[in-house]
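These notes are about the structure you will find just below.
Readers should treat all values here as calculations from the given coordinates under stated rules, not as data from a laboratory. Quick caveat: nothing in here was measured; it's all calculated off a predicted structure. Virtual Cβ from ideal backbone geometry, glycine too; neighbours counted across all protein chains shown.
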Amino acid sequence: MTYSGFKELSIEFTATITTKALSQFSLIGYRNEQIQKILKLKKKGFTDQQIAEFFNSINIKTPTGKSYTKQLVLMTRYKYRNRIKRQKTYSVSTTPITIEIS
């Protein structure tokens, strides 16, 4: 079958991409360094309390200038873990594709 005489090809569909990753700001500089230090110490077996005490003993402050607490270390790890999950979670859906040749 030959389509040598057609004038127009129309393809219609709708694609929907859903993600929460686009609304995240980048973790750069001091904030990212602190998170990486926390994760490294946790991997070495430190408890959240020990990490907080260690940071406070060497005068490392939070990005907002506060002293670390056990709860703050815990929530930093929790929020970072959720952030990573959001970056990996997305969906793509399309409507049926319609092709029209005229």
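A few comments on the model shown:
- Selection from I60, Q71, V92, by position along the positive dipole direction of the stretch 26-92 (Cβ): V92
- Charge context of D48, other residues only, Cβ under 11 angstrom, K/R +1, D/E -1: +2
- Neighbour-count ranking [beta-carbon atoms within 10 angstrom, fewest first] of I51, I60: I60, I51
- Relative to the Cα centre, the charge distribution of the stretch 26-92, modelled as +1 at Lys and Arg Cβ and -1 at Asp and Glu Cβ, gives a dipole magnitude of about 320 debye.
- Here K37 and I11 are evaluated by their C-beta separation; at R0 = 41 Å the FRET efficiency comes out at 0.20.
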